[in-house]
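*Asks:* This is the structure, below, for whatever I ask next.
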Amino acid sequence: MIYEGVLTKMKTELSDTVQYYLLFEQDFLNLNQVLNKKLSINFLRYKCLNCGLEKKVFANGVCYNCFTVLPEMGDWVMRPELSKAHLGQEDRDLDYEQKAQLQPHIVYLANSSNVKVGVTRKSQIPTRWIDQGAHEAIEIVEVPNRYLAGIAEVALKDHVSDKTNWRRMLTNDLKDLDLSQIREDLKQYLPEEVKDYYLANSKELEIKFPVVNYPAKCKSLNLQKTPFYEGVLKGIKGQYLIFEDGVVFNVRKHEGYEVSLNVM
């Protein structure tokens with residue numbers, strides 16, 4: 001069966017095992033049903049997710065022109081400590097930034113390849129953890145805006161990583177960690193203005209991913225360099241498809257790529 005459309009990050013649904021969906025304009029594909037089947041990916045063209053033009057995508061599925069002006073592409077997205085909406089200061093669009101930044105945010109610990117600290121909007125729990133391929137995660141603080149979450153993350157990443165090792169995550173090279181204890185150990189490093197938001201009673205969430213076999217080694221598929229690929233799908237974790245030959249495909253990195261998928 002053939003599916004055609006522009007890639008966006010996979011939609012997920014938390015259940016006993018995470019359910020994954022690719023959504024297209026006229027159709028959708030439940031990728032869990034493709035496990036152990038042959039899947040081909042054929043790159044057709046670029047399509048900016050914002051302006052819709054056939055222009056090479058720069059980041060997050062949008063062309064360079066859109067990337068430089070869209071409020072959701074501001075530096076505060078990747079660096080929450082740069083948020084200024086709580087001060088009434090505009091970066092690109094104050095109305096957008098107030099809606100995005102002035103809402104509850106969570107600072108958390110996640111274990112995907114190693115323990116890491118991260119920030120997300122409360123409404124994105126547990127989606128954010130699933131997208132990172134975390135098999136367990138726990139909340140540290142819940143704060144009322146993105147700035148407070150950002151300064152908490154900056155303080156904590158002096159003591160714990162803020163990056164995921166994607167190769168270890170995809171080969172399932174995992175450590176058994178006590179996130180509750182690590183969180184308690186890190187509490188002392190929280191900034192004073194954040195300490196009152198500490199979530200002493202939050203519980204670890206465990207997440208199971210639909211993976212039949214993990215590869216011993218993995219090689220990343222880049223559609224710009226290899227516009228056609230075919231392989232047997234053996235797993236889905238984070239935003240990656242894992243194939244039998246060890247090739248892994250980062251769907252999110254290919255947002256804005258129009259493709260044809262053939263399930264055999």
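*Asks:* Could you please give the count of residues in the stretch 8-52 that are among the basic types (Lys, Arg) and in a strand (DSSP E or B)?
*Replies:* Summing the residues that are among the basic types (Lys, Arg) and in a strand (DSSP E or B) in the stretch 8-52 gives 3.
*Asks:* Considering the stretch 122-146 alone, what residues qualify as being of a type in the set (Lys, Arg) and in contact (Cβ under 8 Å) with a residue 24 or more places away in the chain?
*Replies:* ARG146
*Asks:* Does ASP16 qualify as being assigned by TED's automatic domain parsing to the domain that holds ARG252 and at pLDDT 95 or above?
*Replies:* yes
*Asks:* Testing GLY5 on (1) buried (at least 19 other Cβ atoms within 10 Å of the Cβ); (2) in a strand (DSSP E or B); (3) under 20 Å from the mean Cα position of the chain (by Cα), one condition comes back false. Which one is that?
*Replies:* (3)
*Asks:* Then there is this: Sort out which residues of the stretch 124-148 are touching a Ser or Thr at 6+ places or on another chain (Cβ under 8 Å) and closer than 22 Å to GLN89 by Cβ, and write them in order of number.
*Replies:* Correct list: ASN145, ARG146, TYR147.
*Asks:* Look at LEU14 and say whether it is surrounded by fewer than 17 Cβ atoms within 10 Å (Cβ to Cβ), under 30 Å from ASN145 (Cβ atoms) and among the hydrophobic types (A, V, I, L, M, F, W, C).
*Replies:* yes
*Asks:* Determine, yes or no, whether ALA134 is at pLDDT 95 or above, surrounded by 14 or more Cβ atoms within 10 Å (Cβ to Cβ) and assigned to a loop (DSSP other than H, G, I, E, B).
*Replies:* Yes.
*Asks:* State the number of residues belonging to the stretch 49-108 that are outside the structural domain of ALA200 (by TED's automatic domain parsing), on the phi > 0 side of the Ramachandran plot and without any contact (Cβ under 8 Å) to a residue 60 or more places away in the chain.
*Replies:* 1
*Asks:* Step by step: first the residues of the stretch 137-160, then only those that are of a type outside the set (D, E, K, R), closer than 11 Å to VAL117 by Cβ and out of contact with any strand residue (DSSP E or B) (no Cβ under 8 Å at 6 or more places or on another chain), then the one that is surrounded by the fewest Cβ atoms within 10 Å (Cβ to Cβ). Which residue is that?
*Replies:* My answer is HIS159.
*Asks:* Quick check on the stretch 100-117. Is at least one of its residues in a strand (DSSP E or B), in contact with a helix residue (DSSP H, G or I) (Cβ under 9 Å, 6 or more places away or on another chain) and surrounded by fewer than 19 Cβ atoms within 10 Å (Cβ to Cβ)?
*Replies:* The answer is no; no qualifying residue exists.
*Asks:* Something else now. Kindly evaluate GLU193 against the criterion of being acidic (Asp, Glu) and closer than 29 Å to ASP27 by Cβ.
*Replies:* For GLU193, the condition - acidic (Asp, Glu) and closer than 29 Å to ASP27 by Cβ - is not met.
*Asks:* Do you know which residues across the stretch 17-51 are polar (S, T, N, Q), more than 20 Å from the chain's Cα centre (by Cα) and surrounded by 14 or more Cβ atoms within 10 Å (Cβ to Cβ)?
*Replies:* Correct list: SER40, ASN42.
The values are calculated or read from the model by the stated rules, or taken from the named source; none is laboratory data. What you see is a predicted model, and the numbers here were worked out from it, not measured in a lab. We place every Cβ from the backbone using ideal geometry, glycine too, and count neighbours over all the protein chains shown.
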